[in-house]
């Protein structure tokens, strides 16, 4: 039985406004000396409780879109707000306390699993926020299929799939309103990926919102799926086919 994301943990702050509101977002990149428009004036809203799967062909801009929403790369034009707060009111660090990007390749430091999970609490911006207790970290590890990984294990002894789930849990315990997951289950077997999907869905039901980039078959945990291609977003059926209806996320 998958444990709930909120068991023993503080609940995320729920947004009355959309968690994320994006209007007329344009993203250009430079490729071989040419400027290419990969996101063309898209607008969308994301709400608490949603798990949105973002799908589309390789190279269509899915990761670039997530990085831009996380303010880890610049946009060309457009407007974003998080929980009703305009991006102009927040610096990048403040924004990323509410919008957390988790890449496919996990980045861990030397030290134990616990040391890695608690890295965010080494920064001054979280000094006033209590760090999660060991029992909360233990419950998260168990829910993600890491029952055999002790908190004091040397992080250098983790497999790629284990490291990916440690990096994911590190983001989850921060309880941000929005998490952007960029193929975090790519290195996992089907059983482990299903556990991750179930835990993400339980966190959404506790009030967070998620956008997932995945190249696996639908797992049943997304609340909706959208298709990105040629700079635009359309809805996607459960079989992954584009139904050619332009829509917001």
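Tabulated data
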{"quantity": "For residue 167: the one exception among (1) more than 12 Å from the chain's Cα centre (by Cα); (2) under 30 Å from residue 21 (Cβ atoms); (3) outside any loop (DSSP other than H, G, I, E, B)", "calculated": "(1)"}
{"quantity": "Single residue of 165, 201 found to be within 26 Å of residue 49 (Cβ to Cβ), at pLDDT 95 or above and touching a strand residue (DSSP E or B) at 6+ places or on another chain (Cβ under 7 Å)", "calculated": "201"}
{"quantity": "Among (1) outside any loop (DSSP other than H, G, I, E, B); (2) closer than 27 Å to residue 214 by Cβ, the one test that residue 146 misses", "calculated": "(1)"}
{"quantity": "Residue 75 in contact with a helix residue (DSSP H, G or I) (Cβ under 6 Å, 6 or more places away or on another chain) and within 18 Å of residue 228 (Cα to Cα)", "calculated": "yes"}
{"quantity": "Options 115, 45; residue that is more than 18 Å from residue 172 (Cβ to Cβ), surrounded by fewer than 18 Cβ atoms within 10 Å (Cβ to Cβ) and in contact (Cβ under 8 Å) with a residue 12 or more places away in the chain", "calculated": "45"}
{"quantity": "Some residue of segment 107-117 being in a strand (DSSP E or B) and out of contact with any strand residue (DSSP E or B) (no Cβ under 6 Å at 6 or more places or on another chain)", "calculated": "yes"}
{"quantity": "Residue match in segment 59-82 (condition: in contact with a strand residue (DSSP E or B) (Cβ under 6 Å, 6 or more places away or on another chain) and on the phi > 0 side of the Ramachandran plot)", "calculated": "yes"}
{"quantity": "Of the criteria (1) surrounded by 14 or more Cβ atoms within 10 Å (Cβ to Cβ); (2) closer than 30 Å to residue 150 by Cβ; (3) without any contact (Cβ under 8 Å) to a residue 12 or more places away in the chain, which one residue 90 fails", "calculated": "(2)"}
{"quantity": "Residue in segment 55-73 that is within 25 Å of residue 216 (Cα to Cα) and assigned to a strand (DSSP E or B) present", "calculated": "yes"}
{"quantity": "Subset of segment 205-216 that is crowded, with 20+ Cβ neighbours inside 10 Å and within 19 Å of residue 188 (Cβ to Cβ) - its residue that is farthest from the chain's Cα centre (by Cα)", "calculated": "214"}
{"quantity": "Members of segment 217-232 found to be without any contact (Cβ under 8 Å) to a residue 60 or more places away in the chain, more than 9 Å from residue 53 (Cβ to Cβ) and either touching a strand residue (DSSP E or B) at 6+ places or on another chain (Cβ under 8 Å) or surrounded by 15 or more Cβ atoms within 10 Å (Cβ to Cβ) (or both), listed by number", "calculated": "none"}
{"quantity": "Selected residue (criterion: surrounded by the most Cβ atoms within 10 Å (Cβ to Cβ)) from residues of segment 17-42 that are in contact with a strand residue (DSSP E or B) (Cβ under 8 Å, 6 or more places away or on another chain) and not in a strand (DSSP E or B)", "calculated": "19"}
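Yes/no per residue for (1) at pLDDT 95 or above; (2) over 17 Å from the mean Cα position of the chain (by Cα); (3) more than 27 Å from residue 65 (Cβ to Cβ):
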position: 117; (1), (2), (3): yes, no, yes
position: 122; (1), (2), (3): no, yes, yes
position: 130; (1), (2), (3): no, yes, yes
position: 139; (1), (2), (3): yes, yes, yes
position: 148; (1), (2), (3): yes, yes, yes
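This table checks each residue for (1) touching a residue at least 12 places away in the same chain (Cβ under 8 Å); (2) touching a helix residue (DSSP H, G or I) at 6+ places or on another chain (Cβ under 6 Å).
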{"residue": "128", "(1), (2)": "no, no"}
{"residue": "131", "(1), (2)": "yes, yes"}
{"residue": "138", "(1), (2)": "yes, no"}
{"residue": "143", "(1), (2)": "yes, yes"}
{"residue": "158", "(1), (2)": "yes, no"}
{"residue": "180", "(1), (2)": "yes, yes"}
{"residue": "187", "(1), (2)": "yes, yes"}
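The values are calculated or read from the model by the stated rules, or taken from the named source; none is laboratory data. Everything numeric in this text was worked out from a predicted model, so none of it was measured. Cβ sites come from the backbone with ideal geometry, for glycine too, and all protein chains shown count toward neighbours.
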